[in-house]
Amino acid sequence: MSAFAPESSPLLALGWPVDRVAEGVEALARHAGFARPELDEPIDDLPRGDLHRWLRVVGERLGVAVEPVSIEYADAGLLARRGGPALLEAHGVLLLLAGRRRGAPVLLGPDRRLHRVTADELTRVLRTPLTAREGPRIASLLEDAGVPAARRDRAAERLLAATQTGVVLSAGWLLRPAPDLPFGRALARRGVVRRLALLLGAHAAHYLLFLGSWFLVGRAALDGTLSTGWLLAWALLLATLIPLQMLTTWLQGDLALRAGAQLKRRLLDGALRRDPDTTRAEGAGTALGRVLESETVEAIALGGGIAAATALLELPIAAWVLAQGAAPWPLLAAFALVLALVAVVGTGLVRAGLRLVDLRLEITHGLVEKMVGHRTRLAQEAPSRRHEGEEASLDAYREGLRIFDRRVADLLLVPRVWLVLGLLALAPTLVAGGAPGAVAVAIGGLLLVEQALGTLTRSLHNLTDAAVAWRRVRPLFEAGGQPIDPGLPALDAALDRASHAASAGEPAPTLLEASELAYAYPGRERTVLRAVDLTVRDGDRLLVEGPSGGGKSTLAAVLAGLRTPSAGLLRLRGLDAASIGHDAWRRRVVVVPQFHENHVVTETFAFNLLLGRTWPPTDDDIERAYAVCDELGLGPLLERMPGGLQQVVGDTGWQLSHGERSRLFLARALLQDPDLLLLDESFGALDPETLQVAMRCALRRARTLLVIAHP
């Protein structure tokens, strides 16, 4: 088969047509073991023109995440061999990559059966867009060069691989568990629960075999029947411990990796979905402190949790051994007393740790805020005041750390306390000359308990650190578990049709309507907005003026769906945000925040321009980006930058002036092509001539425009 004729690939017979994609996603999710509800309503009326949006809605209705994936030309083979579950675009159909079987990719066909294919063939199909565009030219070049026909395909593949380095292909979508899935179910899907059970089973087997080996040799030695056979049996049992120990070690590492990856995913999603006002009110230092504490939770909790689980598994077995030896009741009473001591000391350790983390975050917050305002403080703050309060904060932290370390030392002394209590409980039996075998078993049980308590106290120390850190990380974790309401797909499609009708000049109903709208910041009684009535029609050009602090920016955030109104009714083409979904609302009503609340991401200029569109961009996206930049007067900037649109900008890249940043923010919003564009004082950093250029571009390109400015 020719490398430039992927449409003739037999793999395409295993493709799903676009009109069956919802069925295909559900089948693939079932095969992957994703527990989710059935589709509760038909979604066939969604427009096929935006397949990415359609798949996203399908995934939300099924309870799974459908994430777009892009790869470089050279990495197509890696996706073919290791990807899945995934939906791959190929010549008008979707290939459902279910995973691997015996090292080969497996596709889920329309017949609901699994089909093994070759990785090379799937790689060729993934490279279809590029080979279809570059193939004829390369084929003609090879023919002119006199390359024999039998060798042209291989030569073409080598030539493409050498010349298309860095070229990005839009391969399709990965299927993943939904971020708001209950954490326990998410861990089960990653195989954490199964591996934890296997780990505990392997550790229990290892521990019991270890006890059995010493039981055999000890009994034979005490009975005077130690022989070569007993020694050989002992050696075989010890040899059996080696693979069990290796299995346990491997399972611990694998378990930590899987659970840690799921925890990071949940925390990252929570950070992105958390209310921006809450994060802003806490400050940058608190946010950084949460990040640092999350590292503590991941690094310590997993290791300490596994160690604690194994210790809790060993303690009952060790207690059973105590019950089989001499003086069982005194030893078991001492054992219960020590466990109560662990609980008391552990409680004190947790309290000291909670106090310590509050002090640590307070210091971190203060340090970060001072770093952010360093230039202002140097210019305007008296040198004598720059370090006020630092000594008091450090002294309080040192005192909290001293108390915490004291509690840790008390906890680590518990195993030694147990040895003392155990020997005191066993002393009468030793003085009375108890049976050697029973005394030996009691001493062995005493040492086993001491070993398990040592593991438990060390793990409790780690778990306490993790529990203390969890107090600060928990808000991110809970934010990541909040359910997402995707809205009703049929209503989303109806809004699309209304937008297209308005663009074509057909009569359309009111675009946006606010009635008796009110808003108060969380935790505050005073309302910033009250009894706001507003009507916006398609094509309107509106100006909102008012003094500073009058609520103009808050109004823009409420209209854009970034804040939920406290009272009143807000509708877009007659529908509220709960009906169509908040993502759909924000896609149609876009706000350009004030300069100090907008950001340039440390990435390429193209990425910053097309941040609100799918990635990687199409050729049409790049052309539109160039056109908008030219209209906004950013053409000379692109000519100065060595990389043009691919130049890295931001804090560690090319530095942009305030005026260039303002026009970048405006271009970013215009390229999203929203139904309603809100500009919140977006022209304040522009000189009069540039302001006129930017205003003309906004008036020409925005469907409906609302500008917020000072009088």
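The values are calculated or read from the model by the stated rules, or taken from the named source; none is laboratory data. The structure presented is a predicted model; accordingly, all values stated were derived computationally and were not measured. Neighbour counts run over all protein chains shown; Cβ positions are idealised from the backbone, glycine included. Remember, those area values only see protein heavy atoms, side chains included, never the ligands or the DNA or RNA. Shrake-Rupley method; radii C 1.70, N 1.55, O 1.52, S 1.80 Å.
What is the Rg over Rh value, at two decimals, for segment 630-711, using alpha-carbon atoms and the Kirkwood definition of Rh?
Numbers: Rg = 13.1 Å, Rh = 13.5 Å.
Dividing the radius of gyration by the Kirkwood radius yields 0.97.
For a quick protection proxy, order the peptides 610-623, 368-381, 307-320 by their average other-Cβ count within 10 Å, most packed first.
Working: 610-623: 14.7, 368-381: 11.9, 307-320: 17.4.
Ranked from most to least packed, the peptides come out as 307-320, 610-623, 368-381.
Among residues other than LEU349 whose Cβ falls under 15 Å from its Cβ, what is the net charge (Lys/Arg +1, Asp/Glu -1)?
So the environment of LEU349 carries a net charge of +4.
Please give the peptides 573-586, 196-209 ranked by average Cβ packing (other Cβ atoms within 10 Å per residue), highest first, as a rough proxy for protection.
573-586, 196-209
What whole-number value in Å² describes the accessible area per residue of the chain for a 1.4 Å probe?
Dividing the accessible area of the chain by its residue count gives 50 Å².
Rounded to whole Å and ordered largest first, report the semi-axes of the equivalent ellipsoid of segment 172-292 derived from its Cα gyration tensor (root of 5λ).
Largest first, segment 172-292 gives 51, 17, 10 Å.
Is there a quick way to get the dipole size of the chain? I mean about its Cα centre, with the Cβ of Lys and Arg at +1 and of Asp and Glu at -1; what is the value in debye to the nearest 20?
Details: 78 positive and 78 negative charges, 355 e Å.
For the chain, the charge dipole is close to 1700 debye.
Find how much the distance from PHE215 to ASP395 grows on full extension, using 0.36 nm per residue of separation minus their present alpha carbon separation; answer in nm with one decimal.
The PHE215-ASP395 span can extend by a further 59.3 nm.
Given a Förster radius of 30 Å and the C-beta distance between GLU388 and ASP358 as r, what FRET efficiency does 1/(1 + (r/R0)^6) yield to the nearest 0.05?
Working: r = 20 Å, r/R0 = 0.67.
According to the calculation, E is roughly 0.90.
What full-extension length gain, to one decimal in nm, is calculated for TRP250 and ASP540 as 0.36 nm per residue of separation minus the Cα-Cα distance? Provide the component values of the computation, followed by the final result.
Working: separation 290, 0.36 × 290 = 104.40 nm, distance 6.44 nm.
Between TRP250 and ASP540, full extension yields an extra 98.0 nm.
Would you calculate the convex hull of the Cα atoms in the chain and tell me its volume per residue in Å³?
Taking the convex hull of the Cα positions in the chain, it is 241 Å³ per residue.
Taking the Cβ-Cβ separation of ALA438 and ARG402 as r and a Förster radius of 56 Å, what is the calculated FRET efficiency to the nearest 0.05?
Numbers: r = 46 Å, r/R0 = 0.82.
Plugging the Cβ-Cβ distance into 1/(1 + (r/R0)^6) gives 0.75.
Taking the simple approach of a point 7 Å from Cα along Cα-to-Cβ for both VAL372 and ARG102, what is their distance in nm?
Output for this residue pair reads 5.9 nm.
For segment 169-199 and segment 233-270, what is the separation of their C-alpha centers, rounded to whole Å?
So the two Cα centres are separated by 18 Å.
Quick one: with all protein chains in place, what share of the accessible area of the chain is carbon or sulfur, to the nearest percent (1.4 Å probe)?
Carbon with sulfur: 59 percent of the solvent-accessible area.
Is segment 325-378 rounded, prolate or oblate when judged by the Cα gyration tensor, a ≥ b ≥ c being the square roots of its eigenvalues, rounded requiring a/c under 1.5 and prolate requiring a/b larger than b/c?
Because a/c hits 1.5 or more and a/b exceeds b/c, segment 325-378 counts as prolate.
Set the Förster radius R0 to 25 Å, insert the Cβ-Cβ distance between LEU419 and TRP329 as r into 1/(1 + (r/R0)^6), and round the FRET efficiency to 0.05.
Using R0 = 25 Å, I get an efficiency of 0.85.
Would you give the gap between the C-alpha center of segment 551-565 and the C-alpha center of segment 601-679, rounded to a whole Å?
Cα centres, segment 551-565 to segment 601-679: 25 Å.
State the extension gain, in nm to one decimal, for the chain segment bounded by THR510 and GLU603, taking 0.36 nm per residue of separation less the distance between their alpha-carbons.
Stretched fully, the THR510-GLU603 segment lengthens by 29.6 nm.
Once you put a point 7 Å from the Cα of ALA233 and another 7 Å from the Cα of ALA343, both along the Cβ direction, what distance in nm separates them?
Distance between the two pseudo-spin positions: 4.1 nm.
Each label point is 7 Å from the Cα along the Cα-to-Cβ direction; what then is the distance between the points at ILE622 and ASP19, in nm?
My value for the distance between the label points is 3.5 nm.
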